[in-house]
Amino acid sequence: MRTKAGQSVSRTRSWLLPAPADFVFLMLTFSVAVLRGWQALNTDGDLGRHLRVGREILAHGLFYSDRFSWTMQGRPFVPYEWGSEVLFALSHRVAGLPGVLAVTAIGIASAYFLLYILLRRLGVDPLLAFGTSIAAGLVGAFHWLARPHVFSLVMVVGLMFLLETTVDSRQSITARRPLTVDRRPFWTFLLFALWSNLHGGFLFGLVLIGFYLVGDVIGMVLEHHRVDHRSSLKRHLMLLGAALVGCCINPSGPMILPHVAGYLGKTWLVDMTMEYRSPDFHQWYGRVFLMLLVLAVAALALIRRRLSWPHLVVFLGTTAFALHSARNIPLWALTALPLVALHANPSWRRIGWTPIAQMRESFAMGSHMARPGVWSGMGAAALVGLALSGGTLAGTQLLLDKLDPGVFPVEVVAHARSEGLQGRMFNELTWGGYILNAWPEQKVFIDGQTDLYGVTLSKLYASLRSAEPGWKRRLDSLCVEFVLLPADAPLSSALERMPDWTKADSVNGVLYTRRLPSRAWKRDD
Amino acid sequence: MTRRLHPSIPAISLIIWWLVASIVFPARMLNSDGDLLRHIGHGEWMLRHHSLIHFDPFSFTKGGQPFVGFEYGSQLIYALVHRAAGLAGVAIFAGLLIATAYALLARFLLSRGVDALLTYLVTVAAAVLGAVHWAPRPHLFTLLFVVILLPMLEGARREMQDVNRDQRVSRPATRDPRPLWALPLFAIWANLHGGFVFGLVLIGIYWAGHALDYLRENDKPNQLAEIKRLGVLFGAGVLGTLINPHFIALHRHIAGILGDRFILDNTQEFLSPDFHSVVGKLFLLALLGIIALLATSRSRLNGPHLLLLLGMTYLALNARRNMQLFGVTVLPVLAIHFDASWRTLPDWRGIRAVFERDSRTGQTTTYVLVMLALFGFLSVGHGKAFGREVIPNGVSPDEFPVGVVRKARAEHLQGNMYHDFVWGGYLIYAWPEQKVFIDGGTDFYGAGLLKTWMDIGQRAAYWRDSLAAHNITLALVPTNSGFVHELLREPGWRLHDCDATAVLLQKVGGPAQPAVADSLVEACARRPASR
């Protein structure tokens, strides 16, 4: 085998050398699991809920009514993330929190590994592809959380493969026997069948195909002399059809679609959820996103060649999503950013400035000499091995094996559980998931699964926590017997002065207890 | 050409935006926050004492400490307008500033040969984007001065290139504005509002843009000439900014504001835009439209315009208050750039031709005089015309503690007061004998005191200690805030007065009364806001 420069490289050596994609994988795996492991586990309490749901499913099978809260007990529950919850529960069962971290890191790193592969397959210069993949990873880092959405990252890149690669290109690059049947609808069906059982982000996948369709239609209208828009439209329609069918292959069937989409229509809930708010460009992730966005706009402004219509629609649509809700920034980085890199690729290759040209050439030579995958596989295996050994290496805890007691009420919950405390509890929302997992006998008032609890209860929670006027009456009418909140919550401060409540402090979290005769709770709709 | 009686496009802009700002939106402008009242209060103090403010006379938390009155010029102007025509006059004056800015913007675009309809649409879009920050405050002078600076930045107009490159659209050249005019412009600007820094940044952006084009070997001789011209412009601007009572201390003070992350992160207008809001969505539409235009157009932006677009996008996404400046900088330069492409579009129902014809024959002066007369009449009447209130002459008692403060002042109530942040400016204005805890001038109070204020209001840890440390014996807070309930449950605090808007609590001693707190507050909420 020869490199582009004509150098001879043995097949054996090419498997032993780490490819740029492997560097992407290894860097991000290390970053997620070790450097940002704390953030992955402790940013919110949702992991606790996912572990609990996963355990329940493994023990008793799928369930369709709530069994974790006393406020929504028995209400319909749609297990739309059951696949990832089972995966997380299994990894936790086998290797504890280090196992969860390993799954999260491998999932996230795989997405950017595949992104590099995709860019190379589309002919993007290796150095540009590498930079784009790393930049995409960096801008998504704020959302590296041990939650089901990490699987959506991988699925999105998978979908981009199906949308961007053509039958012809696959024939020319793989140089295998020519393909006569376009199997992309089949793969799309499989992708969405899997995706709809892992995370609600499959909805974004449907919208992404929709963007391509819109672009095709615009192209047909404005450039009706070009036949490729029509064939492209047909192809994307088939993919959309396959995707829609695939979405229905889940325990909830087609009803999963209105359930997932319905949450986005609950404006109050969306506006109150941090990750659905617009990006804060004062934060580090916002600054990175802003720089990349500005660079992307500069590229579009400077490059004389026009962006294709589907790519333009994808860029505009995903930019709108990302500016609307910060959680969409990683998805922007996996869709819009690579399309801009693809668009800028010819101009990038023409840059004659010596330092860049030399770096480009060296990187290209290196990437031609290496085959991706082996080093990534070894890295993943090493991470799994590390997780199985409790996350320690030579006495150093590399992978966290416990949650931060400064964030979650570890001490208070352990003590309350050992005391056998039970009853109607009002709890901090972000602690709900932790309580579900660490205190399974106790039902919560609310947790991060706000699509289950709905607007009414969420508003009630907010007003109680803020000790808004009438809080005492509402708390009494709910027959709340104890309250678990951070010390600086307004309700904590209010309860401190109430003679009928006793207080138990801890390192983090305050527990107020009161005893009342039990009464049936009536929902105030 | 026969001049008709219809208004010119600048006149239309002036009429529409003056009416909208001063008659349709005055309540929103006057009640947006307490800063207007703070500025008037500061201006009044300077007029009464015939001196600038060198040491703080308004607060008990920072009383007597050195004070840099960097907006003294606009504060004096607002105070004088208030003396002459009340708050209604202030709303009218603010409307005049806003309308003049957009009228001048239209005039600038027309002078650059931009199509008349496009000029009108761009001016409307700029005004809509700018409406997010329409408040009678010193920054309106910056809005106006940025528009005045635009011709100096753009320089002399040269022959413009049509889309097809074969056809060069010939338009009369404009005179090159003398860069030394920047000296008096910035001299006035620096005494009105700290936004002169933005003006210097704009010059820097244009300078860098021309340098970029020079390096890209686009029309090198002209680029070099522009680089030199902008260098002179920048130098003149910097010299002009030194002509202020504080000299270089002004620049240090403003740099300090922009470098204080805590204050910027906790000040509404410096937060990133909220794309869930209506204005945010409009800005998003504008951004996406611009990106679509850039991506689909065959003509490429020149260096200055490209850097301006990128820089202003950065600034506007960083702080929502910059959306207003985005509107008056990016939109017009893009209009200039895309004017040739715009002219190739079909003229639907001949609207463009009508605008083009009317733009050459419309009247400006007549309509300006008519509007001045109309609003002059309203000013004299303090917002009233023939006995009817057209423009409110006061703040809303639903937003500010008007009745409670009037009564407390009449009773000569005294003591260190904790109060709502926005009401700080109102207290300076309406109860000058009472010293404030804090107000909107956070550049003076600093991050430390702002954090203390926030901690007390949010009942964070040690909030009671903070109250005690400042010897707080009065509290003026919104009726429905959880803070009221908390304080009423504290030993020694009693309800002094209240209405639906505000509750005034006083520390008089005695045991806590937690049992009656809820019912007391609910009774207050049922009382109408007193005027």
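For this structure, a couple of remarks:
- Selection from the range A:425-451 of residues that are in contact with a strand residue (DSSP E or B) (Cβ under 8 Å, 6 or more places away or on another chain) and either more than 17 Å from residue A:482 (Cβ to Cβ) or not in a helix (DSSP H, G or I) (or both): A:425, A:426, A:427, A:428, A:442, A:443, A:444, A:445, A:446, A:447
- Residue satisfying condition, being within 14 Å of chain A (Cβ to nearest Cβ), in a helix (DSSP H, G or I) and β-branched (Val, Ile, Thr), within set B:333, B:405, B:370: B:333
- When the range A:12-54 is filtered for residues that are charged (D, E, K, R) and within 16 Å of residue A:403 (Cβ to Cβ), the ones remaining, listed by number, are A:36, A:44, A:46, A:49, A:52.
- Condition check for residue B:272 on (1) in a helix (DSSP H, G or I); (2) without any contact (Cβ under 8 Å) to a residue 60 or more places away in the chain; (3) of a type in the set (Gly, Ala, Ser); (4) within 12 Å of another protein chain (Cβ to nearest Cβ): one failure, at (1).
- Contacts under 6 angstrom Cβ, first residue in the range B:465-487 being without any contact (Cβ under 8 Å) to a residue 40 or more places away in the chain, partner among the hydroxyl-bearing types (Ser, Thr, Tyr), 6 or more apart: B:466/B:452; B:482/A:466
- Which numbered condition residue B:68 fails, given (1) in a loop (DSSP other than H, G, I, E, B); (2) of a type in the set (A, V, I, L, M); (3) at pLDDT 95 or above: (3)
- The range A:467-501 - residue that is exposed (fewer than 14 other Cβ atoms within 10 Å of the Cβ) and at pLDDT below 85 and, of those, nearest to the other protein chains (Cβ to nearest Cβ): A:499
- Considering residues of the range B:255-267 that are touching a residue at least 60 places away in the same chain (Cβ under 8 Å) and not charged (D, E, K, R) only, the residue farthest from the other protein chains (Cβ to nearest Cβ): B:256
- The range B:232-250, residues that are surrounded by 20 or more Cβ atoms within 10 Å (Cβ to Cβ) and either of a type in the set (Lys, Arg) or closer than 18 Å to residue B:74 by Cβ (or both): B:240, B:241, B:244, B:250
- Residue within the range A:393-402 that is touching a Phe, Trp or Tyr at 6+ places or on another chain (Cβ under 8 Å), surrounded by 14 or more Cβ atoms within 10 Å (Cβ to Cβ) and in contact (Cβ under 8 Å) with a residue 40 or more places away in the chain present: yes
- Exactly one residue out of A:314, A:260, A:270 is of a type in the set (A, V, I, L, M, F, W, C), assigned to a helix (DSSP H, G or I) and at the interface with chain B (Cβ under 9 Å from one of its Cβ atoms): that is A:270.
- For residue A:350, the conditions (1) surrounded by fewer than 22 Cβ atoms within 10 Å (Cβ to Cβ); (2) within 13 Å of chain B (Cβ to nearest Cβ); (3) at pLDDT below 95 are fulfilled apart from (2).
- Condition met for residue A:325 (closer than 23 Å to residue A:144 by Cα, in contact (Cβ under 8 Å) with a residue 60 or more places away in the chain and either touching a Lys or Arg at 6+ places or on another chain (Cβ under 6 Å) or of a type in the set (S, T, N, Q) (or both)): no
- Number of the exception - residue B:505 against (1) out of contact with any Gly (no Cβ under 8 Å at 6 or more places or on another chain); (2) buried (at least 19 other Cβ atoms within 10 Å of the Cβ); (3) under 28 Å from residue B:260 (Cα atoms); (4) not aromatic (Phe, Trp, Tyr): (3)
- Scope the range A:207-257; condition part of a helix (DSSP H, G or I), among the acidic types (Asp, Glu) and more than 29 Å from the chain's Cα centre (by Cα); matching residues: A:228
- Odd one out for residue B:61 among (1) of a type in the set (S, T, N, Q); (2) in a helix (DSSP H, G or I); (3) surrounded by fewer than 24 Cβ atoms within 10 Å (Cβ to Cβ): (2)
- Selected residue [of a type outside the set (S, T, N, Q) and farther than 23 Å from residue A:205 by Cβ] from A:245, A:217, A:260, A:221: A:221
- Residues of the range A:381-399 classified as hydrophobic (A, V, I, L, M, F, W, C) and out of contact with any Leu (no Cβ under 9 Å at 6 or more places or on another chain), total: 5
- Test for residue A:293: is it surrounded by 15 or more Cβ atoms within 10 Å (Cβ to Cβ), without any contact (Cβ under 8 Å) to a residue 40 or more places away in the chain, facing chain B (nearest Cβ under 9 Å) and assigned to a helix (DSSP H, G or I): yes
- Within the range A:360-391, tally of residues that are more than 30 Å from residue A:120 (Cα to Cα) and out of contact with any Asp or Glu (no Cβ under 8 Å at 6 or more places or on another chain): 5
- Residue that is surrounded by the fewest Cβ atoms within 10 Å (Cβ to Cβ), among those in the range B:298-320 that are outside any helix (DSSP H, G or I) and facing chain A (nearest Cβ under 8 Å): B:298
- The single condition from (1) within 14 Å of chain A (Cβ to nearest Cβ); (2) free of Cβ contacts under 8 Å to residues at least 40 places away in the same chain; (3) closer than 28 Å to residue A:280 by Cα; (4) not acidic (Asp, Glu) that residue B:252 fails is (1).
- Number of residues in the range B:447-456 that are surrounded by fewer than 18 Cβ atoms within 10 Å (Cβ to Cβ) and free of Cβ contacts under 8 Å to residues at least 60 places away in the same chain equals 2.
- Set A:287, A:305: member being more than 8 Å from chain B (Cβ to nearest Cβ), outside any helix (DSSP H, G or I) and farther than 30 Å from residue A:196 by Cβ: A:305
- Residue check for residue A:334: away from chain B (no Cβ under 14 Å) and either touching a Leu at 6+ places or on another chain (Cβ under 8 Å) or assigned to a helix (DSSP H, G or I) (or both): yes
The values are calculated or read from the model by the stated rules, or taken from the named source; none is laboratory data. Because the structure is predicted, anything quoted here is derived from the model rather than measured. Here the Cβ is made from the backbone with ideal geometry for all residues, glycine too, and neighbour counts use every protein chain on show.
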